[in-house]
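Before any comments, here is the structure.
The values are calculated or read from the model by the stated rules, or taken from the named source; none is laboratory data. In this text the structure is predicted, and so the values were computed from the model without any measurement. Please note: Cβ atoms are built from the backbone with ideal geometry, for glycine as well, and neighbour counts cover all protein chains shown. The protein model used for the area step is the full one, side chains on, heavy atoms only, and it has no ligands, DNA or RNA in it. Shrake-Rupley method; radii C 1.70, N 1.55, O 1.52, S 1.80 Å.
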Amino acid sequence: MSTSAMRPDAGAIYRQYLSAMLLHSHASARACGLGATDLYALNILHLTGAMTPGELSARTGLTTGPTTRLIDRLEQAGYVRRVPDPVDRRKVTVEPIGEPADLDRVMAPARQRIGQILGGYEPEQLDVLFDYFTRAAEAYQEAAEQLRDQ
């Protein structure tokens, strides 16, 4: 039997992985008293820093109205604040100022398990994995932007 005949369906495995990540993200948000989009927006803000509501709208895929409500919820919960632009007072940026207190506790089991899995790889294998994660994230970001612009 050839090696390729024994290889599992890569597409199915990858879809299972993505589904598990989405399920965990939704469960984590719910455990912190947030919606999945709220937690996603907080993650974006913590990764990239302050941005305008328009930029946050583009990154989350939400239209103007839902983005405003999202920012209102996050601001009311104490996770973000609106900061006036020092040059143009009509503009504001949204900056992260906190995260759900339970987030680390909620994420700890998955983080520990993933850490154990990664600990089983050789440094060269980790280099390949992290290269893949970096390049795949860029590919997904570009594809999302292309879909948004259609």
Scope segment 58-72; condition under 21 Å from Leu103 (Cα atoms) and either surrounded by fewer than 16 Cβ atoms within 10 Å (Cβ to Cβ) or of a type in the set (Phe, Trp, Tyr) (or both); matching residues:
Asp72
When residues of segment 45-57 are filtered for being buried (at least 16 other Cβ atoms within 10 Å of the Cβ), aliphatic (A, V, I, L, M) and within 27 Å of Ser19 (Cα to Cα), how many remain?
2
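For segment 23-47, give me each residue that is closer than 16 Å to Gly61 by Cα and out of contact with any Lys or Arg (no Cβ under 7 Å at 6 or more places or on another chain).
Passing the criteria: Gly35, Ala36, Thr37, Leu39, Tyr40, Ala41, Leu42, Asn43, Leu45.
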Mind checking which pairs have a first residue in segment 86-112 that is without any contact (Cβ under 8 Å) to a residue 40 or more places away in the chain and a second that is of a type outside the set (Gly, Ala, Ser) and exposed (fewer than 13 other Cβ atoms within 10 Å of the Cβ), Cβ under 7 Å, 6 or more apart or different chains?
Lys91/Asp85
Scan of segment 11-44 for residues that are open to solvent by 30 Å² or more (accessible area, probe 1.4 Å) and of a type in the set (Ser, Thr, Tyr), ordered by number:
Tyr14, Tyr17, Ser19, Ser25, Thr37, Tyr40
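Which residue out of Asp127, Asp149 is surrounded by 10 or more Cβ atoms within 10 Å (Cβ to Cβ), over 21 Å from Ala20 (Cβ atoms) and free of Cβ contacts under 8 Å to residues at least 12 places away in the same chain?
Asp127
Listed here are the residues, each with its yes/no results for (1) under 17 Å from Ala29 (Cβ atoms); (2) small (Gly, Ala, Ser); (3) surrounded by 13 or more Cβ atoms within 10 Å (Cβ to Cβ).
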site: Tyr79; (1), (2), (3): yes, no, yes
site: Val83; (1), (2), (3): no, no, yes
site: Val87; (1), (2), (3): no, no, no
site: Arg111; (1), (2), (3): yes, no, no
site: Ala143; (1), (2), (3): no, yes, no
Within segment 89-109, considering residues that are loosely packed, with under 12 Cβ neighbours inside 10 Å and within 23 Å of Ile71 (Cβ to Cβ), the one nearest to the chain's Cα centre (by Cα):
Ala101
